[in-house]
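Input: a single structure, listed below in structure tokens.
The values are calculated or read from the model by the stated rules, or taken from the named source; none is laboratory data. In this text, all values refer to a predicted model and were calculated from it rather than measured experimentally. Positions of Cβ are backbone-derived with ideal geometry, glycine not excepted, and every protein chain shown enters the neighbour counts.
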Amino acid sequence: MAFLDIAEKTVPRESVATLVDTATADPQGSDASQAETTVAPPQEREKATRVEVVRQPAQGEGSSDEEDNKEEEEAEIEDSQILEDLPDETEDIELIHSRLSSASISKLGLQRFGKHLKRLCLRQNFISHLDPEVFNALTEIEDLDFYDNKIKHVGSALNTMSNLTTLDLSFNLLKHVPEELEANLKSLRTVFFVQNRISHITNLTGLGATLRSLELGGNKIRQIEGLDALVNLEELWLGKNKITKLEGLENLKKLKILSIQSNRITKLEGLEGLENLEELYLSHNGISKLEGLEKNARPSLHSSLM
């Protein structure tokens, strides 16, 4: 086991969109305010259709109701026109930091891309509700990114996405892992739930055959549980929770990366069965010495609690 303990990786994903165009993607890091949370790095995308939405601020103070209504009407028209120049065959759309609300999303006309769209990035907007009428049409989607919105529930909006492999719901308002995922997303390999309000690890059993990476950093989790069925899991990120004991990991025989930084763990235990473990992140806990790793250790083992 190659044992590493370094600062956790920053929140990933793609760069902020700049133009309506098809260009080579250039992944960058996320906002500095969110840089401390642990996540796993995404795969690079070769091409992306990028859209920048520029909204003009209201001029002056004390505008009249008539002016406010006019601006609101113009904004609604703008929402409906954002994607109108893109062909129906578009496979990759980014709408990042575009001040889009749930109502705005319903006006974009995403349904017409349903037979071709592979990736949709709606990072850093104001989305609180996912309209099933819109998202159920995206049956070919493989990568869906809702990072940094205001989503509390997923509902049935993702139920038809049988090809979805990567889902990012980080920095939202979820209180639990959506139960709809294990029932409908049978191709899901990577899922991000960074910085939500999740207190229990549940509703993942149905993803056991496909899930490879699970990110639950920055939540309110106190116990490692609900992972028995995830026999193909390779990466588990649990940094910045309230976990007090290492347990519930015995079935994760294929696990390569385990992050438990910034928790309340005082003893290393329950890792004996992790024969493929390569990276272990455990700083900022109450562990005073390294022990219980004899069955995991290899000649390349490097230990550190810093």
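Quick test for you: out of S104, S128, pick the one residue that is of a type in the set (S, T, N, Q) and over 19 Å from V194 (Cβ atoms). Let's see the steps before the verdict.
Details: S128 fails: over 19 Å from V194 (Cβ atoms).
After applying the criteria, what remains is S104.
Could you check the stretch 235-266 and list, in sequence order, the residues that are in contact with a strand residue (DSSP E or B) (Cβ under 9 Å, 6 or more places away or on another chain) and without any contact (Cβ under 8 Å) to a residue 24 or more places away in the chain?
Across the stretch 235-266, the qualifying residues are L236, L255, K256, L258.
Return the total of residues in the stretch 190-201 being surrounded by 17 or more Cβ atoms within 10 Å (Cβ to Cβ) and assigned to a loop (DSSP other than H, G, I, E, B). Step through it out loud before you land on a result.
Pass one, the stretch 190-201, residues surrounded by 17 or more Cβ atoms within 10 Å (Cβ to Cβ): 190-196, 198, 201.
When the remaining residues are screened for being assigned to a loop (DSSP other than H, G, I, E, B), the result is 193-196, 198, 201.
Final tally of qualifying residues: 6.
Is it the case, given these coordinates, that N159 is modelled with pLDDT of 95 or more and buried (at least 20 other Cβ atoms within 10 Å of the Cβ)?
no
Check L227 against each of (1) under 21 Å from V194 (Cβ atoms); (2) surrounded by fewer than 19 Cβ atoms within 10 Å (Cβ to Cβ); (3) not aromatic (F, W, Y) and name the one condition it does not meet.
So L227 meets the others, but not (2).
Could you pull out every one of the helices (runs of 4 or more DSSP H) wholly within the stretch 90-184 that has 2 or more residues that are free of Cβ contacts under 8 Å to residues at least 40 places away in the same chain, over 15 Å from the mean Cα position of the chain (by Cα) and under 25 Å from T205 (Cα atoms)? Spell out how you get there, then give the answer.
On the way: elements: 102-106, 132-135, 180-184.
Correct list: 132-135, 180-184.
Within the stretch 199-231, can you find the residues that are in contact (Cβ under 8 Å) with a residue 40 or more places away in the chain and small (G, A, S)?
Listed by number, the residues that qualify are S213, G217, G218.
Which one of these does N219 not meet: (1) closer than 26 Å to N263 by Cα; (2) surrounded by fewer than 18 Cβ atoms within 10 Å (Cβ to Cβ)?
Going through the list (1) closer than 26 Å to N263 by Cα; (2) surrounded by fewer than 18 Cβ atoms within 10 Å (Cβ to Cβ), N219 breaks only (2).
Does the stretch 260-269 contain at least one residue that is among the β-branched types (V, I, T), modelled with pLDDT of 90 or more, within 21 Å of V231 (Cα to Cα) and surrounded by 16 or more Cβ atoms within 10 Å (Cβ to Cβ)? Talk me through it step by step, then tell me what you get.
First, the residues of the stretch 260-269 that are among the β-branched types (V, I, T): 260, 265-266.
Filter once more, so that each one left must be modelled with pLDDT of 90 or more: 260, 265-266.
Now narrow it down to the ones that are within 21 Å of V231 (Cα to Cα): 260.
Subsequent filtering for residues that are surrounded by 16 or more Cβ atoms within 10 Å (Cβ to Cβ) retains 260.
Within the stretch 260-269, one or more residues are among the β-branched types (V, I, T), modelled with pLDDT of 90 or more, within 21 Å of V231 (Cα to Cα) and surrounded by 16 or more Cβ atoms within 10 Å (Cβ to Cβ).
Conditions tested, residue by residue: (1) basic (K, R); (2) at pLDDT 95 or above; (3) surrounded by fewer than 17 Cβ atoms within 10 Å (Cβ to Cβ).
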{"site": "T49", "(1), (2), (3)": "no, no, no"}
{"site": "Q56", "(1), (2), (3)": "no, no, yes"}
{"site": "Q59", "(1), (2), (3)": "no, no, yes"}
{"site": "E76", "(1), (2), (3)": "no, no, yes"}
{"site": "D79", "(1), (2), (3)": "no, no, no"}
{"site": "D88", "(1), (2), (3)": "no, yes, yes"}
{"site": "E94", "(1), (2), (3)": "no, yes, no"}
{"site": "L110", "(1), (2), (3)": "no, yes, no"}
{"site": "L117", "(1), (2), (3)": "no, yes, no"}
